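Engineer: Attaching a single structure in structure tokens format; questions to follow.
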Amino acid sequence: MAWHQSKWFRILVVLVGLLLVALLAAPYLLSIDRYRSTIVEQLEKETGRDIEIEKLRLHFLPGLHVQVVNLRVKNPRGFPEGDTVVVESVNIGLAFWPLLKRQVEISSIGIDDVEINLLGNEQGQTNTGLRRRARPAAKKPAGEAPAVEVTRVGAVSVSDVKISSGTFWSRERRIYPAWEVKGINLEVEGVDLANPQWLRKLEAGVDLSTIEVTTPSLKEPLRFADGEIEVKNNAAGGDFTLALGELRADGTVKVADLEKPVADFTLKMEELDVSQVAALAAEKPKGAGAGPGGGGEGAGGSGKLLARGTVEVGKIIIPPLSAENVKGNVRLYGNRLEVDPFTVDFYGGRTQGTAYVDLAQAAMPARVNARVQGVNVAQAVAAASPGAKGKLTGTFESDARLNVPLGAKDLMGALTGDGTFAVRNGTFPGMNLEGTLAGMAKFLQMEVPKGDTKFSYFGGDFRIASQRVHSRNLDLKAETLEASLGGSFGFDQTLSYTGSGLLTGKPSAEQQQQKKDDNPLGGLRRVFGQVARQTIGQMRVPFSVTGTFQDPKFLLVGSPTPVR
């Protein structure tokens, strides 16, 4: 008779089957849900918060473990009804034999489907603060061992965590969303609670490739295309790749002390096209942003330093212009981003300055203070308007203050600012000297601008608004002309200026020839010209500049006036 047909084998099969049935039925026969109210009461005393647990279950298969179903930590008073933390399931695996010694050895903890809702209000309070209820500590006889002692925790896994942040305005009873992070997964190695430094001994790994960050300002989430963070010896660090649409950036991050977490990072991009970022900007949703006050110091607007580091971009494109070697020192706070200082190479020159971005508002308004030096005007004009190549030359410098909401769909259209500028030692297309001015110049025997006009200085104030650059007081110092003008040019390359020029001139070639002419007529002309120049001296010429960068029009707008 075969061994599997023996009586003892059949008895063993029956016993194993009965044992499996008993283990499966044990959670229902030995219900621990009756302890749920006691556990909830203890948690509420410890946290000062309302706690809900839907059910407690005891399982023997595949191992001894306790399951907490639907754990909820409610929002405190002063915040809307709802939950600060929701955990769908907590599975606590227990080692059986240590329990007989009144020791709890947790073999594993599995926390699944976690939702954390961070809220701040206009008073700067948050919904995450715990208010423990003061209770006198129970005195225990010396040497008495605790009833139950937790000695160690094995592997801990946290999966599918979502964290959202926003600001609650109690006067409106409305929540203004700020950002949301989802897809966080965490694996932690064994924890020895008997070691007083157990927090410093934690070892964990965080897979960044599943994490996405969304904000009301972006149509698409900011994703980690790749990367992993390793936690060890109370520190954390790793490499990652960020992705936003087609944009990519590589970086590193390191937290030197997890008890005082501030991240040090580097971020590098080969190329950044600002128009691609603008295309990803979402229309401002109703109720988005940080509320009527423009943010605060709540969960979505904390002034605490979160990260600091360096950002490098090989090339940044703001059509039709571009810049290279963009570098900046960055500090990230809960409610703002600061860049101080930054440097940019721009058409042979360099720009240095500082920048500030308000992250507490959906429009993400940015302020930039910059000093520009040594820009090759010919190169910049040719890039901005290829048809205007060679029309204007010189070296550009400026002190500027710019404002732009980075969340705007049309960044250039939303750009505003003011400052001063100067173009030195350059040329621009000569004025079209017609009629009376040409005749007067000839009468005075003066050399006047024809074709390209050389100048030593052109500059003044500027103000950017409504896609135009306006100036009230501009000065031009050229070879034979000094001029003052005002007006504007548009981002569409149109020109609109009016002013007046002081035509000083210099002896013409004809006058130079007369110095060598000894005939009576030549001498008479020379004397008459000298008398006229001494009597009249200079000519004030009103003019306008219209047209475009590609085809500027210099026209008289009145009669020249002699000036002694």
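The values are calculated or read from the model by the stated rules, or taken from the named source; none is laboratory data. Since this is a predicted model, take the numbers as computed values, not measurements. Note that we place each Cβ from the backbone using ideal geometry, even for glycine, and neighbour counts take in every protein chain shown.
Engineer: Taking the range 464-498 on its own, how many of its residues are in a loop (DSSP other than H, G, I, E, B), at pLDDT 90 or above and touching a Leu at 6+ places or on another chain (Cβ under 9 Å)?
Structural biologist: Number of matching residues: 1.
Engineer: Here's another thing I want to ask about it. Can you give me the number of residues within the range 135-185 that are under 25 Å from GLU88 (Cα atoms), among the hydrophobic types (A, V, I, L, M, F, W, C) and at pLDDT below 85?
Structural biologist: 6
Engineer: Okay, next question. Going by the conditions given, is TYR356 surrounded by 17 or more Cβ atoms within 10 Å (Cβ to Cβ) and either out of contact with any strand residue (DSSP E or B) (no Cβ under 6 Å at 6 or more places or on another chain) or under 26 Å from THR215 (Cβ atoms) (or both)?
Structural biologist: no
Engineer: Restricting to the range 152-176, name every residue that is surrounded by 18 or more Cβ atoms within 10 Å (Cβ to Cβ), aliphatic (A, V, I, L, M) and under 30 Å from TRP97 (Cβ atoms).
Structural biologist: VAL153, VAL156, VAL158
Engineer: If you don't mind, another one. Taking the criterion of being assigned to a loop (DSSP other than H, G, I, E, B), at pLDDT 85 or above and either surrounded by fewer than 18 Cβ atoms within 10 Å (Cβ to Cβ) or touching a helix residue (DSSP H, G or I) at 6+ places or on another chain (Cβ under 6 Å) (or both), would at least one residue in the range 81-102 satisfy it?
Structural biologist: Yes, there is a match, as at least one residue in the range 81-102 is assigned to a loop (DSSP other than H, G, I, E, B), at pLDDT 85 or above and either surrounded by fewer than 18 Cβ atoms within 10 Å (Cβ to Cβ) or touching a helix residue (DSSP H, G or I) at 6+ places or on another chain (Cβ under 6 Å) (or both).
Engineer: Looking at the structure I just gave you, is VAL557 β-branched (Val, Ile, Thr) and either surrounded by 16 or more Cβ atoms within 10 Å (Cβ to Cβ) or at pLDDT below 50 (or both)?
Structural biologist: no
Engineer: A further question on this structure: Could you tell me whether LEU402 is modelled with pLDDT of 90 or more, under 30 Å from TYR176 (Cα atoms) and buried (at least 16 other Cβ atoms within 10 Å of the Cβ)?
Structural biologist: Yes, satisfied.
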